[in-house]
Every structure is written in structure tokens, then in C-alpha cells.
Amino acid sequence: MTMLLASCSHNRVPDTYKWPSEMVPEAEGKVELPTIDMQDEKNLVQHIMKALQEYGCFQVINHGISREQMDDVNEMFKAIHNLPREEIDKLNREQDQDNSVCHYYTSSVNFHREPTHYWRDVLKQACSPLEECVPFWPKNPHRYREIVKPYIVALKEMGLKILQSAAQGLGIEENYFENELTETNVFYLNSYPACPDPSSTIGLARHNDPSLLTILHSGRVSGLQLLKDGRWLGVDTPHYGFTVFVGNIFQAVTNGKVKAPVHYVRNTTEARTSEAFFISPKIGYPVKPAKRLLEAENALPLYKPFTYEEFIETFKIWPKTKDTVLSEAFKYTS
Ligand code: OGA
Ligand code: NI
């Protein structure tokens, strides 16, 4: 079992974590993402569409998850990253790793094959079907399952509400996404430990998400960087808010009308945590552009049809930066 970053103290960056400086761009400034007030029903569709077309992402406030509930889950997440090593080993051992519901690991699932590692420890926690997954979630901290389960339900609801508004804005069936397109749900609890030299490490390399939609929460410390018009800009998440991104699958369904934003995680001298909820299709789902959209715009498909499984398998082994998978590997050629 590999060492977790959290289990050692770091006065210097080990060589196997050092990236060339062009892979670790420094932000040129900050970006103020559009803020979507989920209670503002009257303007919701229009505001979401505008944000998606301009950024492919936005911040969400008044989302219906109370501060008390967020405080409670954040206590749980903090405790997860502080579990003793034996507990983490036990959690990993209790399940078959290729097919596990929960897996706590360092850097990436490719640790043994990647030449350079990421400065990140993470718990991957499958959430669909929810009732079947919960019994495999961590037993400790005490009440973890009880507290985290309703939070996952609320994140899914929030995601569906956003997708319903987006469908309206796109002029496709309002319930377009309420089916197998949103069936796979995975939650990642990221910990980016304090780093002695953030200019030489990467928390997560540049990518756009392999999901339909991602809902991200992060703690007080910033580190997320967004590529906007060729410039890297820092993103702060409002403390009790969320940052929502569309992923590659959304880009494919909208035939490129909405683009999945490119982002990366820069490490910091202070420890940082974030949690990302990925909403994705059922594994064998045939992903293609929405018919109504193609018809309305009399457009040709930009991407080849593919199943979600094909996309994920390609994404995993893609040798270039992971923001070019859809546009290069699945580009439509007639
Ligand atoms: C991701 C991601 C950002 C962060 O998990 O895909 O981009 O701040 N996370 O951890
Ligand atoms: Ni991401």
C-alpha cells in the first residue's frame, strides 16, 4: 500500500512529485464567476444559460442545503481525512478494489503507472444506487453514513434542478436529463496537504470533467484555477455555496453549444480540502447530441456517438492533457 501524503510531514517536495513549471501555471488574477440564486425562480433559466455559455460554470447560493447541514457534513469530511492509517487500510481492504464503492488513495488510481504524482489524497465514494452503496461507506466517524446520505440526496436534487433549468434554456425536453443520463453518481473527498513548494507540484492536472455535471464545494483555502480566454484565473468558492461545472458529456449532448471548462488545482502552502459530486450517465449509455437541438440549429454532429463507458476508458488512458479527449478522440469525421 502506497504512503498517503497525509501520513508524512514534508519539508521538501520529493522528486517523484515535481512537475515542469509549464504544467504549473500561476494565476494571472481572480475570476468572479456568475452567482446563481436558486430561489430566484423567475430568472433561473436565463441566468444559468448565460453563465453556461460564457463560462461553463457558476457559483450557486440559496441552494436549499442549510448551513447547519453543511457544517455537520464538513465535520465528517474533516474526520475522514484524519482517520488513522489502520482505519483507511481497513476501509480499502473490506472491498474488492477494482469494483469498490469506497477507496481511499493518493495521487490518482494510476499511482503505479504514472511517472509523476499529484499532491493529493482522496476518498472516492460511489453513491449510486444509493441504498446499495451506503452499507460500504465508512463506519467511522460515528454517524458518517447517517449524516452524509441526506447530503448526497440534496446534491443530486440540486443537480437535477439545475439540469432542468438548463434543458429549458436549451429548448429541449424539460426532463431530458432525468433518466439514465444522470444515473451514475460519485463523490470525491479531496485533501491537498500543505505543500512546501506549490510552484513545482500539481493537485489535479488541467482537465475538464468526464461527467455531465459536477457540483464542487471547497473549504476556505483557494487553489482552483480556471482557463478563461487563454488565461489562468483563480476561483474562490463562497463558503456556504457551491461551484457547478458542466462536463464533457454535457458538451457532447449540446453538440458543443456549451463547453466544459478547463481547470486545474494548484497546491498551496496551507492544507486545502474540496468535495466534488459527479453526476454522469449510466455506464453503457449512448451519448449523442439532443435531437431537438440539432434540428433547431440545422447543425451536423460535432462528435461521434459513443457510450459513456467508451468515453471513460479513453479518458483514463488518454496520453495528452485531459481537456482534449472529447474534441480529439471523439471528433466527428465524415
Ligand atoms: C475535480 C476538480 C477541483 C478541486 O475533482 O474534477 O476539478 O478544487 N476538483 O478540488
Ligand atoms: Ni474537475
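The values are calculated or read from the model by the stated rules, or taken from the named source; none is laboratory data. Everything numeric in this text was worked out from a predicted model, so none of it was measured. Cβ placement follows ideal geometry from the backbone for every residue including glycine, while neighbour counts extend to all protein chains displayed. The protein model used for the area step is the full one, side chains on, heavy atoms only, and it has no ligands, DNA or RNA in it. Shrake-Rupley method; radii C 1.70, N 1.55, O 1.52, S 1.80 Å.
Just from the alpha-carbon atoms, what are the Rg and Dmax of region 5-58 in angstroms?
Here Rg and the maximum Cα pair distance are 19.6, 54 Å.
Of all the Cα-Cα pairs you can form in region 89-225, what percent are over 21 Å apart? If you can, show how the numbers build up before the last one.
Values: 4958 of 9316 pairs.
Summing the P(r) of region 89-225 above 21 Å gives 53 percent of all pairs.
Take the alpha carbon atoms of region 54-114, find their radius of gyration, then divide it by 2.2 N^0.38 Å using N residues; give the quotient. Working shown, then result.
Working: Rg = 16.6 Å, N = 61, 2.2 N^0.38 = 10.5 Å.
Normalised by 2.2 N^0.38 Å, the Cα Rg of region 54-114 equals 1.58.
Please give, to one decimal in nm, the separation of the simple spin-label points placed at THR269 and ASN175, each 7 Å out from Cα toward the Cβ.
5.5 nm
What's the carbon and sulfur percent of the chain's accessible surface, probe 1.4 angstrom, rounded to a whole number? If you can, show how the numbers build up before the last one.
Details: 7940 of 15860 Å².
Result for the chain: 50 percent of the exposed heavy-atom area is carbon or sulfur.
With every protein chain kept in place and ligands, DNA and RNA left out, what is the accessible area per residue of region 98-152? Probe 1.4 Å, answer in Å².
Values: 2700 Å² over 55 residues.
On a per-residue basis, 49 Å².
Just the C-alpha atoms of region 1-99: what Rg/Rh do they give, with Rh taken as the Kirkwood radius? Before the final figure, lay out each step's value.
Details: Rg = 20.6 Å, Rh = 18.7 Å.
Across region 1-99, the Cα-based Rg/Rh ratio is 1.10.
How much of SER7 can a 1.4 Å solvent probe reach, expressed as accessible area in Å² and rounded to 10?
For SER7, solvent-accessible area is about 60 Å².
Using the Cα atoms of region 204-247 to build a convex hull, what is its mean projected area in square nanometres? Don't jump to the answer; show the numbers that get you there.
Numbers: hull surface 13.4 nm².
So the Cα hull casts an average projection of 3.4 nm².
Roughly how many Å² is the accessible area per residue of region 165-287, as a whole number, for a 1.4 Å probe?
Details: 3670 Å² over 123 residues.
Accessible surface, normalised per residue, equals 30 Å².
With only alpha-carbon pairs counted, each pair once and no self-pairs, how large is the Kirkwood hydrodynamic radius of region 147-258 in angstroms? Intermediate values should be presented prior to the final figure.
On the way: mean 1/r = 0.0624 Å⁻¹.
After inverting the mean inverse Cα-Cα distance, the result is 16.0 Å.
Heavy atoms only, 1.4 Å probe, whole protein assembly: order ARG12, ARG206, ARG113 by accessible area, highest first.
On the way: ARG12 145, ARG206 80, ARG113 185 Å².
The ordering from most to least exposed comes out as ARG113, ARG12, ARG206.
Over the heavy atoms of HIS207, what accessible area does a 1.4 Å probe trace out, to the nearest 10 Å²?
The accessible area of HIS207 comes to roughly 20 Å².
For the chain, what does the equivalent ellipsoid look like in terms of its semi-axes, each the square root of 5 times an eigenvalue of the Cα gyration tensor, given largest first in whole Å?
Details: eigenvalues 183, 106, 85 Å².
Working from the Cα gyration tensor, I get semi-axes of 30, 23, 21 Å.
Taking the Cβ-Cβ separation of SER9 and ALA296 as r and a Förster radius of 41 Å, what is the calculated FRET efficiency to the nearest 0.05? Intermediate results must be reported in sequence, preceding the final value.
On the way: r = 58 Å, r/R0 = 1.41.
Between SER9 and ALA296 the formula returns 0.10.
What Kirkwood radius, in Å to one decimal, follows from the Cα pairs of region 227-293? Please report the intermediate quantities before stating the final value.
Numbers: mean 1/r = 0.0680 Å⁻¹.
For region 227-293, inverting the mean 1/r across all distinct Cα pairs yields 14.7 Å.
Given the -39500 (n - 2.57) contribution per DSSP H run of 4+ residues, what per-residue ellipticity at 222 nm results for the chain, rounded to the nearest 500 deg cm²/dmol?
Values: 8 runs with 89 residues, N = 334.
Result for the chain, helices only: -8000 deg cm²/dmol.
Pull out the extension gain between GLU26 and GLU94, defined as 0.36 nm times the separation in residues minus the alpha carbon to alpha carbon distance; nm, one decimal.
Details: separation 68, 0.36 × 68 = 24.48 nm, distance 4.06 nm.
Here the answer is 20.4 nm.
Binned at 5 Å from 0, what are the whole-percent values of the Cα-Cα distance distribution for region 269-309, short to long?
5, 17, 15, 16, 13, 11, 7, 6, 6, 3, 0
Using a cut-off of under 20 Å, list every residue of region 208-226 whose amide N is near the label point 7 Å from the Cα of PHE315 along the Cα-to-beta-carbon line.
208-218, 224-226
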